[in-house]
Amino acid sequence: MDDRRPDPIAVLTSLPLQPAYAALGEPYVTPVPTTPLPTPQLLHVNPALAAELGIDNATLASNEFVDIMAGNRVWPGYAPLSSVYGGHQFGVWVPRLGDGRAHLIAEIATAAGQRRELQLKGSGPTPYSRFADGRAVLRSSIREYLCSEAMHALGIPTTRALALVGSPQPVRRETIETAAVVCRVAPSLVRFGHFEYFYYRNEHAQLAPLADHVINENFPEFAHAEHRHAAWLGEVIARTARLMAAWQAVGFCHGVMNTDNFSVLGLTLDYGPYGFIDAFDAHHICNHTDEGGRYAYDQQPTIGHWNCSRLLQATLPLLSDTPERAVELATEILDRYPAIYAQAMTRAWRGKLGLRESRAEDRELINRYLSILDRGHSDLTRSFRNLAQVRGNDAGPTLGVREEIADLERFDAWIDDYRARLRGEQSDDAERSARMNAVNPKYVLRNHLAQAAIEAAQGGDYSEIARLFTLLQKPFDEQPEYAVYAAEPPASARHIEVSCSS
Ligand code: AMP
Ligand code: MG
C-alpha cells in the first residue's frame with residue numbers, strides 16, 4: 001500500500017464531531033446498529049455537498065467511504081442511532097412511528113461552522129420498524145436522491161443527499177426489487193411528530209429539552225430570547241408557510257404531508273410519492289395511495305397550516321403553564337400563517353410573471369393565468385418558462401408562448417392585460433426575461449425522467465442518474481444538450497403511478 005495515500009478514516013476522523021442530538025439520549029434517541037448490506041456499490045456521490053462537508057475526492061472514492069454509506073462500517077467516533085416520533089398520517093393520529101429504517105450516522109461541523117447531521121435511509125430495521133424490513137428499494141432511493149438535490153438547486157429548503165448506494169440484496173414490495181441506501185444530510189432531521197409523540201403520551205416534561213436542543217443548535221438567535229419557545233414556533237410557522245409557497249410556485253407535490261414528514265426547520269423532508277406537475281391541474285394528486293386527494297396540489301397550503309396547528313397543539317405546554325394562556329399564544333402564532341403564506345405566494349407568482357412592482361390588480365392577473373393553464377391542462381413548467389418570450393409592445397403573442405395554451409381566446413385577452421401591466425411599470429424586455437428565467441425553471445424532475453433513470457438502473461446502467469443529477473443542478477440554465485429533458489412528457493408518462501410503496 002502507498003503510505004502517502006491519505007487515509008480516508010483519518011480524513012473523516014478529522015471532521016469535528018458535534019454529537020448534540022446523540023447527547024439527548026433516551027427517550028429521544030436510541031443507539032441502534034445498522035444492518036450490513038451485501039456487496040454495496042456506490043451508484044452516485046455528490047461531490048459539491050461532500051466538499052461542503054470537508055470530504056475530499058480521494059475519500060469519496062475509497063472503499064471505507066462506501067462501507068460507511070452502506071451502513072457496513074461506523075463513522076469514526078460515532079454510534080448510529082434512531083429516534084422515536086409519532087405523526088398524523090392522513091389526518092389520523094399514529095402514536096408511535098420513528099426512524100423505522102433510518103440511522104443517524106454522524107453529527108459534524110463543516111469547515112464553515114455549520115452543523116450537519118448525516119442519516120442513512122434504508123439501513124436496516126430499528127425498534128421503530130414495526131413489521132417492516134428496514135430497507136428501501138433502489139427505485140425510491142433514486143427518487144429521493146435526485147429530488148433532494150433538484151429541490152436544492154431550485155432554491156427550495158430541503159434535506160440534501162450525499163450518496164446513493166445499491167446492493168443486489170432482494171427486497172419484497174409488490175414485486176421483488178433490490179435494496180439501496182441514501183445518505184441524507186441536514187442541520188437537523190427533527191420532525192413535527194417528534195414533539196407530538198411526547199405530547200400525546202402525556203410526557204410533557206420531555207418537550208422542553210427537545211425544543212431547546214433544536215433552538216440551541218439551529219436557531220441560536222432565539223436561544224436567549226425571553227420567550228424562546230414562542231419565538232422559535234413563530235419561525236417554524238413562517239418557514240412552513242414560505243415552504244408551501246415555494247412548492248406551489250414550481251408545481252411540486254409532496255404526496256405524503258403527514259406531520260411525521262414535516263421538518264421543524266422548514267425543510268422539504270421525506271421524498272416518497274412526490275411529483276412535479278406536468279399538465280396543470282389544480283386538483284392534481286401525485287400519490288396513487290391518496291384516493292381522497294387530501295394532499296392534492298391545491299390542498300398543500302391548507303395542509304401546511306393544519307400541520308402547524310398540530311405542532312402548536314403538541315407544544316402548548318411550552319408556551320405557558322396556564323392552559324388558557326397557552327392556547328391564546330398558540331392561536332396568535334398559528335394565525336400568522338395565512339398572511340405569511342399569501343404574501344410569499346403572491347410574491348412568487350409576481351416574480352414568475354416578471355412583475356417588479358406590486359399592484360392591487362396582480363392577484364386577479366395571476367389567477368386568470370393559472371385558470372387558463374388549469375382549464376387547458378397546459379404544461380406548468382413550460383408555460384411559465386415560455387412567458388419570458390413575451391414582449392411588452394408586440395401586437396400579438398409569439399408562437400412559443402401560445403404553444404402550451406388550449407383556450408387561446410381567453411389567453412389573448414389575458415396577454416393584452418399582461419402587456420399593459422408590463423408597460424405600466426416600464427418593464428424592460430431583456431432585463432425582465434433574464435429575471436423570469438431565474439425563477440421559472442426550464443428543467444424539473446418530471447416523473448417520467450426519474451422513471452427512465454430507475455429503469456436503466458434496474459438494468460445495471462447508472463448513467464441516467466448521473467445525467468439527471470448534472471442537468472438538475474442548473475434548472476434555470478438553457479442547456480441545449482439536454483433540451484429533450486425540457487420537452488412535454490410522452491403520453492405514456494401519464495400512466496406512471498407512484499405510491500407509498502418504497
Ligand atoms: P414514510 O411513509 O416513508 O414516511 O414512513 C412512515 C413510517 O413507516 C416511518 O416511521 C418509517 O420509518 C416507517 N417505514 C416505512 N417503510 C419502512 C420499512 N421498509 N421498514 C421499516 N420502517 C418503515
Ligand atoms: Mg416519513
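The values are calculated or read from the model by the stated rules, or taken from the named source; none is laboratory data. Everything numeric in this text was worked out from a predicted model, so none of it was measured. No Cβ is skipped: glycine too gets one built from the backbone with ideal geometry, and neighbour counts run over all protein chains shown. Surface areas here come from the heavy atoms of the whole protein model, side chains and all, with no ligands, DNA or RNA. Shrake-Rupley method; radii C 1.70, N 1.55, O 1.52, S 1.80 Å.
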| field | Tensor-based shape of the range 381-465 (alpha-carbon gyration tensor, a/c under 1.5 rounded, otherwise prolate or oblate) | value | prolate
| query | What is the projected area of the convex hull of the Cα atoms of the range 1-48, averaged over all directions, in nm²? | reply | 6.3
| request: Find the Cα radius of gyration of the range 221-345, compare it with 2.2 N^0.38 Å by division, and give the number to two decimals. | output: 1.12
| said: Just to check I understand the Karplus step: with θ = phi - 60° and J = 6.51 cos²θ - 1.76 cosθ + 1.60, what whole-Hz values come out for the range 485-502, glycine and proline as x? | reply: 6, 9, 6, 5, x, x, 4, 5, 5, 5, 8, 6, 10, 10, 10, 5, 4, 8
| field | D_trans [Stokes-Einstein, Kirkwood Rh over alpha-carbon pairs] for the range 447-493, 37 °C, 0.692 mPa s, µm² s⁻¹ | value | 288
| query | Reachable lysines from Lys352, Cα under 26 Å, same-chain residues fewer than 8 places away excluded? | reply | Lys442, Lys474
| Taking Rh as the Kirkwood radius computed over C-alpha pairs, what is the Stokes-Einstein D of the range 1-96 at 25 °C in a medium of viscosity 0.890 mPa s, expressed in µm² per second? | 155
| query | If you take all C-alpha pairs in the range 39-154, what percent of them are over 16 Å apart? | reply | 68
| query | What percent does the relative contact order of the chain come to when contacts are Cα pairs within less than 8 Å and at least six residues apart? | reply | 14
| said: Please report the projected area of the range 169-297's Cα convex hull averaged over all directions, in nm². | reply: 10.7
| request: Please grab the % of Cα pairs in the range 285-371 that end up more than 23 Å from each other. | output: 46
| field | For the chain, diffusion coefficient by Stokes-Einstein and Kirkwood Rh (Cα), 4 °C, 1.567 mPa s, µm²/s | value | 54
| Restricting attention to the range 197-242, which GluC sites (Glu not before Pro) occupy a DSSP loop and are surrounded by at most 10 other Cβ atoms within 10 Å? | Glu226
| task | Report in % the part of the accessible area of the chain that belongs to carbon and sulfur, leaving out ligands and nucleic acids; probe 1.4 Å. | result | 53
| query | Averaged per residue, what accessible area in Å² does the chain show with a 1.4 Å probe, protein chains only? | reply | 40
| request: Can you tell me the relative contact order of the range 356-426? Whole percent, Cα pairs under 8 Å, sequence separation 6 or more. | output: 37
